[in-house]
Amino acid sequence: MSKEKRGGGSLGYLTKEGFRNVWLNRLMSVASISVLLACLVMMGIAFMLIVNMQEIITNIEDANVIVAFVDDNADKTKLEQVKTDLMKIKNVKSCEYVSKTDAFEEQLESLGGDKTLFEDIENPLPDSYRVVLDDLSLFDTTLKEIKNVEGVQSVREDRELSQQVSKIRETVTYISFGVIIILLIVSLFIISNTIKITMFSRRLEIKIMKSVGATAWFIRWPFMVEGMLLGVIAGGLSLGLVWGVYEIVARSIGGSFGFLMNGGLVPFTDHVLTLLIAFFAVGILTGAFGSAVSISKYLKEQEYDPDEE
C-alpha cells in the first residue's frame with residue numbers, strides 16, 4: 001500500500017476517533033460546549049446590541065438634513081438641474097424636493113390651533129431640497145459644495161447636531177470593536193482553561209498513547225477534531241439561543257423604540273448569516289487552537305509509568 005493511502009487511511013481513522021471521543025467523554029464535552037456557548041451568546045447579544053445602536057445613529061443622521069433653498073425665479077427645468085447637481089456631490093445620500101406649498105402647509109400644521117391666524121398670509125417660502133448626507137464627519141465640506149451649486153439661494157443646517165452625531169458614531173464604532181475583541185480574548189482564555197481541564201482528566205489516555213509509540217500528530221489530531229466538533233455544536237446552539245432571546249426582546253420592547261428605529265428593532269434575519277459564519281468560525285478555531293495548545297503540554301511529558309497509578 002502506498003504511503004499516501006496509508007496517510008489518508010490514518011487521517012480518516014483519527015478523524016473518526018475525534019468524533020467518537022465527543023460521545024465517550026460526553027460529560028467533559030457538555031462542559032466545554034456550555035462554556036463556549038456562554039461566550040458565543042455574549043458575543044452575539046453584544047453584536048446585535050451594537051447593530052441596533054448603529055441603526056439608531058443612522059436614523060438620527062437621516063433626520064438631520066440640510067435644507068437647500070432654491071432661487072424664487074427657478075423654473076421646472078432649473079429645479080431638475082439643481083437636483084442633478086446636488087446628487088453629483090459624493091457625500092449626498094438622498095435629495096427630496098419640497099415645494100413651497102408643501103413647506104408652507106407643514107409650517108401651518110406645526111402651529112396647531114393657531115394656524116388659522118396665518119392662512120391668509122402670502123406664502124413667503126421658496127422651493128427647497130432636503131439633502132441627507134452619507135457621512136456627517138464630512139458635513140462642513142459637503143455644506144460648502146451644496147452652497148456652491150448654481151441655483152441654491154441659501155441653506156438651513158444644524159452643524160452642532162451633526163458634529164455630536166458624528167462623534168457618537170465614532171465612539172460607538174470604537175467601543176464595538178473593543179467589546180468584540182475583549183469578548184473574543186475572554187472566550188479564548190476560558191475555553192483554553194476548560195480544555196486544559198479536559199486534557200488533565202484524560203492524561204492517562206495520552207500517556208498510554210505516547211508510551212506505545214504514537215506520534216505527536218497521531219495524538220493531537222483526534223483532540224483537534226473533537227475541539228472543532230464541539231465548536232460547531234456550540235456555534236449552532238448559540239445562534240438558536242441568541243435568535244430566540246432576540247425575538248422575545250423584539251416583541252416585548254421593540255415597539256417602544258419606534259421613534260428611533262422606524263417601527264422596531266433591526267430584524268435578526270438581516271444578520272443571521274453573518275452570525276452563523278462568525279459563530280462557526282470562532283467555535284472551530286477556538287476549539288482546534290485550544291486543543292492543540294493544551295495537549296502540547298502533555299506531549300512533552302515523559303512516557304507513562306504504570307507505577308504512578
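The values are calculated or read from the model by the stated rules, or taken from the named source; none is laboratory data. Since the structure is predicted, the reported quantities are computational estimates derived from the model, not experimental observations. Here the Cβ positions follow ideal geometry from the backbone for every residue, glycine too, while neighbour counts run over all protein chains shown.
Going by what's in this entry, would Ser162 be described as among the small types (Gly, Ala, Ser) and either at pLDDT below 70 or not assigned by TED's automatic domain parsing to the domain that holds Gly227 (or both)? When the stated conditions are applied, Ser162 passes them.
Is it the case that Tyr129 is closer than 16 Å to Arg156 by Cβ, modelled with pLDDT of 85 or more and surrounded by fewer than 17 Cβ atoms within 10 Å (Cβ to Cβ)? Reasoning before the result, please.
Working: closer than 16 Å to Arg156 by Cβ: yes; modelled with pLDDT of 85 or more: yes; surrounded by fewer than 17 Cβ atoms within 10 Å (Cβ to Cβ): no.
No, not satisfied.
To keep it simple, each residue is scored yes or no on (1) modelled with pLDDT under 75; (2) in the same structural domain as Ser291 (by TED's automatic domain parsing); (3) closer than 30 Å to Asp127 by Cβ.
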| site | (1), (2), (3) |
| --- | --- |
| Glu145 | no, no, yes |
| Val152 | no, no, yes |
| Glu170 | no, yes, no |
| Thr173 | no, yes, no |
| Asn193 | yes, yes, no |
| Met209 | yes, yes, no |
| Phe218 | yes, yes, no |
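What's the number of the condition Leu188 fails, among (1) within 22 Å of Asn91 (Cβ to Cβ); (2) touching a Gly at 6+ places or on another chain (Cβ under 8 Å)? So the condition that Leu188 fails would be (1).
One residue stands out among those in the stretch 220-253 that are of a type in the set (D, E, K, R) and modelled with pLDDT under 80: the one that is surrounded by the most Cβ atoms within 10 Å (Cβ to Cβ), which is Glu226. Flag not set for Asp120, criterion: outside any strand (DSSP E or B), out of contact with any helix residue (DSSP H, G or I) (no Cβ under 7 Å at 6 or more places or on another chain) and modelled with pLDDT of 70 or more. Evaluation of Val65 against the conditions (1) surrounded by fewer than 19 Cβ atoms within 10 Å (Cβ to Cβ); (2) out of contact with any helix residue (DSSP H, G or I) (no Cβ under 6 Å at 6 or more places or on another chain) shows that the sole unmet condition is (1).
Comparison of Leu79, Leu40 shows that the only residue that is in a helix (DSSP H, G or I) and assigned by TED's automatic domain parsing to the domain that holds Ile277 is Leu40.
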